[in-house]
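Colleague: My structure is below; once you've seen it, I'll send some questions.
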Amino acid sequence: MEKETCTFSYCERPEVIEHETDFLILGGGMSACGAAFEACQWATPKGLRVTMVDKAATDRSGAVAQGLSAINTYMGGNKIEDYVKYVRTDLMGIIREDLVFDLGRHVDNSVHLFEEWGLPIWKKGDDGFSLDGLQAKDAEKPLLKDIASNEEREKLVVRSGKWQVMINGESYKVIVAEAAKKALEHNRKATGVDQNHFERVFITKPIMDANVPNRIAGAIGVSVRENKVYVFKAKAILNGMGGAVNVFRPRSIGEGMGRAWFPVWNSGSGYYFGMQAGAEMTLMENRFVPMRFKDGYGPVGAWFLFFKAKALNAMGEDPAVKYGDAVERDYPGYGKAMGTCLRNHVSMISMRAGEGPIKMQTHTAMQAMGKGFKEKLGDKEGAKKLKHLEAEAWEDFLDMTIAQAGMWAASDIEPDREPSELIPSEPYLLGSHAGCAGFWVSGPGDIKGAPAEWSWGYNRISTVQGLFMAGDVVGASGHKFSSGSHAEGRIVGKNAIAFILDNMGYKPVLKNKIDALVAELYLPFEIYEKYKTYTTSGTFPPNDPRNVSPHYIKPDMYQKRLMKIMDEYVGGIATWYVTSKTLIEEGLKKLAVLEEDGARLAAANLHELLRCWENYHRVWAAETHARHILFRQESRYPGYYYRADFPKIDDTNWKCFVNSRYNVETNTWEFKKVPYVQMFP
């Protein structure tokens, strides 16, 4: 088929807006907001300009958009060394301990700021019972920042597990975004620029420097509301554009399409941006497969940790107890303190043995808690206390996954009266939650035991000059969650400004011609307008995905092809997460055809143009994931994926990082092993 180019003969040429800044923040989630808040404090007195570009509206962008009921990472009275060990255990023994320790020593300050900005944090009452945020305020409990020591803070916060603290977090993201926006506004006025906060602009590609090898100089993106293209130049850039969802076929299909555990707008753009710039990646074979309430993807952590609910199979057995010895036998050294993936693994063993479904015993947990309250407080006050806690349990879902509450209501399920089914979801790629797929970045350089080569000058800078990483795209340092991502963004904000000040003579010069980049970006529009009459349309509405053409493919169909390939060849739900060398190699062949067909993606409107580019990003993230699994010849993460041809964990040969780099000039991949270093015994 003839190669298509965009000459704007068929589609309207967009307005092109060029914007030059000093520090460019890509993304609007927790890490980006942290970076904006911190960077503006250091940049403004020096007259440096800070700019944020967000695909959505920053108040509700990123993985925390809908809110949370807990902050998952707060040290308080815990030891940072114990946090490192916890992350290492959960991620099967391979993490960058310097990055995790560094995060642990900074994260609490961000949590204290959240509370100072207005986030309600639960506190313990004088009677030892929990007070929600409003009750704590009425009881005049002090803010965490005003308490003298971590030991005293630990006595006051309400934990759900060792590392989480409970909050009333429906407006969590709005509160954090407001601080970032105020910082940006202060910087804008001080530096005299017209605009430094761009919302509804989707970044599609990095642009390298024309004169300095391996240095990033800018980015290009498109408005998702207007016929405009934006070209940004910057001396330093933060990539905070999140992980990837809908790379694999989801369990929810048809009318449920769109329900997922991870926000559907996370399209792998962060991975695509960094790899196209040539940044080195690490542990991209890692993935996260959360065990969640079936069909609604409701969170289970609070039920496990706060309400002490158990997950039992249909025989009334706890799979972790029944199959714990089998795990230790099959994966020596990993069975006694099971990481998240192994807890998935034992549930899958049970289900495959005909003992499913697995159900969370929400009703017995609530009954046990109610009994305890009545014994301590009497019938009337105990019932009142339980009622309040039930309301908080519902808020747990209304805060984070309102679809779960809808699913229960539609299915006539009252979780306080009957158990609810759990199921492992489709895989996701991320580096902030219980996953660690991302880029290889410089560490802080001051933590004892870290190899010298793990720090090359500026904390969280990638292997590309001027390109920093934070949040989901930082590899080998999971379990940052919302507070840790914010803290990591702040680390980048400070270090990026230092990088700019140390290189004040640098002036970015874009390597690519802007006209060529804009034509490439708008090619899906051109293809659609050129061939839109050569379709089967007429039976269906103009934008209905059932309309097909021999000349193009619409983004909805393209995405379904990607998810089917990944599901069937790279260990998705269809194969119970099992893959192999031969399956992956076959899948890579099909991905190559899919990438080739990507040149025929067509967009009828701005939303479909967005989805076309999201698909480009997802395909590259998917290929990287597949190639990493292929390179690592073991099953490092049982319960997340299994290599049928290498079913064991092979610490002798594979207790190491797998790093890769894609060369965009030669279209080649480089892979290597990097030795793992344990810094904390």
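Colleague: Taking into account only those residues within the range 368-404 that are among the small types (Gly, Ala, Ser) and touching a residue at least 12 places away in the same chain (Cβ under 8 Å), which is nearest to Gly133 (Cα to Cα)?
Modeller: Ala393
Colleague: Being touching a residue at least 12 places away in the same chain (Cβ under 8 Å) and polar (S, T, N, Q) is the filter; apply it to the range 136-188 and report the residue that is nearest to Ala32 (Cα to Cα).
Modeller: Ranking the candidates gives Asn187 first.
Colleague: A follow-up question, please. Out of all the residues in the range 277-287, which are open to solvent by 20 Å² or more (accessible area, probe 1.4 Å) and either in contact with a His (Cβ under 8 Å, 6 or more places away or on another chain) or without any contact (Cβ under 8 Å) to a residue 40 or more places away in the chain (or both)?
Modeller: None - no residue of the range 277-287 is open to solvent by 20 Å² or more (accessible area, probe 1.4 Å) and either in contact with a His (Cβ under 8 Å, 6 or more places away or on another chain) or without any contact (Cβ under 8 Å) to a residue 40 or more places away in the chain (or both), so the list stays empty.
Colleague: Here is a further query. On the given criteria, is Met566 crowded, with 23+ Cβ neighbours inside 10 Å and either modelled with pLDDT of 95 or more or more than 19 Å from Arg600 (Cβ to Cβ) (or both)?
Modeller: Working: crowded, with 23+ Cβ neighbours inside 10 Å: yes; either modelled with pLDDT of 95 or more or more than 19 Å from Arg600 (Cβ to Cβ) (or both): yes.
Against the criterion (crowded, with 23+ Cβ neighbours inside 10 Å and either modelled with pLDDT of 95 or more or more than 19 Å from Arg600 (Cβ to Cβ) (or both)), Met566 qualifies.
Colleague: Take Thr579 and tell me if it is open to solvent by less than 30 Å² (accessible area, probe 1.4 Å) and farther than 29 Å from Glu529 by Cβ.
Modeller: Considered against the rule, which asks whether it is open to solvent by less than 30 Å² (accessible area, probe 1.4 Å) and farther than 29 Å from Glu529 by Cβ, Thr579 comes out as yes.
Colleague: Which members of the range 393-404 meet the condition of being outside any loop (DSSP other than H, G, I, E, B) and either touching a helix residue (DSSP H, G or I) at 6+ places or on another chain (Cβ under 8 Å) or closer than 18 Å to Asn72 by Cβ (or both)?
Modeller: Across the range 393-404, the qualifying residues are Ala393, Trp394, Glu395, Asp396, Phe397, Leu398, Asp399, Met400, Gln404.
Colleague: Still on this model: When the residues of the range 611-652 are filtered to those that are aliphatic (A, V, I, L, M) and touching a Phe, Trp or Tyr at 6+ places or on another chain (Cβ under 6 Å), which remaining residue is most open to solvent (accessible area, probe 1.4 Å)?
Modeller: Checking each candidate, the answer is Ile649.
The rows are residues; the columns are (1) among the β-branched types (Val, Ile, Thr); (2) surrounded by 19 or more Cβ atoms within 10 Å (Cβ to Cβ); (3) out of contact with any helix residue (DSSP H, G or I) (no Cβ under 7 Å at 6 or more places or on another chain).
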{"position": "Gly406", "(1), (2), (3)": "no, no, yes"}
{"position": "Ala410", "(1), (2), (3)": "no, no, yes"}
{"position": "Pro415", "(1), (2), (3)": "no, yes, no"}
{"position": "Tyr428", "(1), (2), (3)": "no, yes, yes"}
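Colleague: Here's another thing I want to ask about it. State which residue pairs qualify: first residue open to solvent by 40 Å² or more (accessible area, probe 1.4 Å) and inside the range 351-367, second residue part of a helix (DSSP H, G or I) and not β-branched (Val, Ile, Thr) in any location, beta carbons under 9 Å apart, and separation of 6 or more residues or different chains.
Modeller: Short answer, once both residue conditions are applied: Pro357/Met351.
Colleague: Quick check on my filter: what residues within the range 145-162 are farther than 27 Å from Ala309 by Cβ and outside any helix (DSSP H, G or I)?
Modeller: Going through the range 145-162, the residues farther than 27 Å from Ala309 by Cβ turn out to be 145-153.
Selection gives Ile147, Ala148, Ser149.
Colleague: Can I ask one more? Looking at Asn214, Asn227 in this structure, which one is open to solvent by 10 Å² or more (accessible area, probe 1.4 Å) and on the phi > 0 side of the Ramachandran plot? Quick ask: steps written out before the conclusion?
Modeller: Details: Asn227 fails: on the phi > 0 side of the Ramachandran plot.
Among Asn214, Asn227, only Asn214 is open to solvent by 10 Å² or more (accessible area, probe 1.4 Å) and on the phi > 0 side of the Ramachandran plot.
Colleague: Evaluate the range 296-317: report whether one residue or more is free of Cβ contacts under 8 Å to residues at least 40 places away in the same chain, closer than 23 Å to Ser425 by Cβ and of a type in the set (Asp, Glu).
Modeller: Scanning the range 296-317 turns up at least one residue that is free of Cβ contacts under 8 Å to residues at least 40 places away in the same chain, closer than 23 Å to Ser425 by Cβ and of a type in the set (Asp, Glu).
Colleague: If you take the residues in the range 205-233 that are over 25 Å from the mean Cα position of the chain (by Cα) and not in a strand (DSSP E or B), which one is nearest to Ile514 (Cα to Cα)?
Modeller: Ala210
Colleague: Inside the range 222-255, can you point out the residues that are in contact with a Lys or Arg (Cβ under 6 Å, 6 or more places away or on another chain), of a type in the set (Val, Ile, Thr) and farther than 23 Å from Ser477 by Cα?
Modeller: Correct list: Val224 only.
Colleague: Filter the range 499-516 down to the residues that are part of a helix (DSSP H, G or I) and surrounded by fewer than 19 Cβ atoms within 10 Å (Cβ to Cβ) and list them by number.
Modeller: Leu501, Asp502, Ile514, Asp515, Ala516
Colleague: Scanning the range 167-204 for residues that are over 21 Å from the mean Cα position of the chain (by Cα) and assigned to a loop (DSSP other than H, G, I, E, B), which turns out surrounded by the most Cβ atoms within 10 Å (Cβ to Cβ)?
Modeller: Asn196
Colleague: In the range 129-144, what count of residues is obtained for those that are outside any helix (DSSP H, G or I), within 31 Å of the chain's Cα centre (by Cα) and small (Gly, Ala, Ser)?
Modeller: 1
Colleague: Among the residues of the range 462-498, count how many are open to solvent by 10 Å² or more (accessible area, probe 1.4 Å) and over 21 Å from Ala65 (Cβ atoms).
Modeller: Total meeting the criteria: 6.
Colleague: Starting from residues that are open to solvent by 10 Å² or more (accessible area, probe 1.4 Å) and of a type in the set (A, V, I, L, M), keep the ones in the range 8-30 and report whichever is farthest from Asn239 (Cα to Cα).
Modeller: My answer is Val16.
Colleague: Being modelled with pLDDT of 95 or more and closer than 26 Å to His628 by Cα is the requirement here; does Met315 meet it?
Modeller: So Met315 fails the test.
Colleague: Now for a different question. Which one of these does Leu429 not meet: (1) aliphatic (A, V, I, L, M); (2) under 17 Å from the mean Cα position of the chain (by Cα); (3) closer than 27 Å to Pro681 by Cα?
Modeller: For Leu429, the failing item is (3).
Colleague: Of all the helices (runs of 4 or more DSSP H) wholly in the range 255-341, which have at least 2 residues that are under 20 Å from the mean Cα position of the chain (by Cα)?
Modeller: Where helices (runs of 4 or more DSSP H) fall fully within the range 255-341 and carry at least 2 residues being under 20 Å from the mean Cα position of the chain (by Cα), they are 269-276, 301-305.
Colleague: Moving to a separate point now. Is it the case, given these coordinates, that Leu103 is at pLDDT below 95 and either among the aliphatic types (A, V, I, L, M) or under 19 Å from the mean Cα position of the chain (by Cα) (or both)?
Modeller: For Leu103, the condition - at pLDDT below 95 and either among the aliphatic types (A, V, I, L, M) or under 19 Å from the mean Cα position of the chain (by Cα) (or both) - is not met.
Colleague: A follow-up question, please. Determine if the range 41-64 includes at least one residue that is of a type outside the set (A, V, I, L, M), open to solvent by less than 30 Å² (accessible area, probe 1.4 Å) and out of contact with any Ser or Thr (no Cβ under 9 Å at 6 or more places or on another chain).
Modeller: Filtering the range 41-64 down to residues of a type outside the set (A, V, I, L, M) leaves 41-42, 44-47, 49, 51, 54-55, 58-62.
Those left that are additionally open to solvent by less than 30 Å² (accessible area, probe 1.4 Å): 44, 51, 54, 58, 61-62.
Now restrict to residues that are out of contact with any Ser or Thr (no Cβ under 9 Å at 6 or more places or on another chain): 58, 61.
The answer is yes, given that some residue of the range 41-64 is of a type outside the set (A, V, I, L, M), open to solvent by less than 30 Å² (accessible area, probe 1.4 Å) and out of contact with any Ser or Thr (no Cβ under 9 Å at 6 or more places or on another chain).
Colleague: Looking at the structure I just gave you, is Ala437 small (Gly, Ala, Ser), on the phi < 0 side of the Ramachandran plot and surrounded by 21 or more Cβ atoms within 10 Å (Cβ to Cβ)?
Modeller: yes
Colleague: Separate question: Does Ser110 meet the test of being open to solvent by less than 30 Å² (accessible area, probe 1.4 Å), modelled with pLDDT under 95 and touching a helix residue (DSSP H, G or I) at 6+ places or on another chain (Cβ under 9 Å)?
Modeller: No: the conditions fail for Ser110.
Colleague: Suppose we keep only residues that are under 22 Å from Ser425 (Cβ atoms) and in a helix (DSSP H, G or I) within the range 355-364. Which one would you say is modelled with the highest pLDDT?
Modeller: Among those that are under 22 Å from Ser425 (Cβ atoms) and in a helix (DSSP H, G or I), it is Glu355.
The rows are residues; the columns are (1) at pLDDT below 95; (2) open to solvent by 10 Å² or more (accessible area, probe 1.4 Å).
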{"residue": "Asn239", "(1), (2)": "no, no"}
{"residue": "Pro250", "(1), (2)": "yes, no"}
{"residue": "Gly254", "(1), (2)": "yes, yes"}
{"residue": "Gly258", "(1), (2)": "yes, yes"}
{"residue": "Ser267", "(1), (2)": "no, no"}
{"residue": "Met275", "(1), (2)": "no, no"}
{"residue": "Val289", "(1), (2)": "no, no"}
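The values are calculated or read from the model by the stated rules, or taken from the named source; none is laboratory data. Nothing here was measured: the structure is a model prediction, and the numbers come from that model. We place every Cβ from the backbone using ideal geometry, glycine too, and count neighbours over all the protein chains shown. Heavy atoms of the whole protein, side chains included, go into the accessibility calculation; ligands, DNA and RNA do not. Shrake-Rupley method; radii C 1.70, N 1.55, O 1.52, S 1.80 Å.
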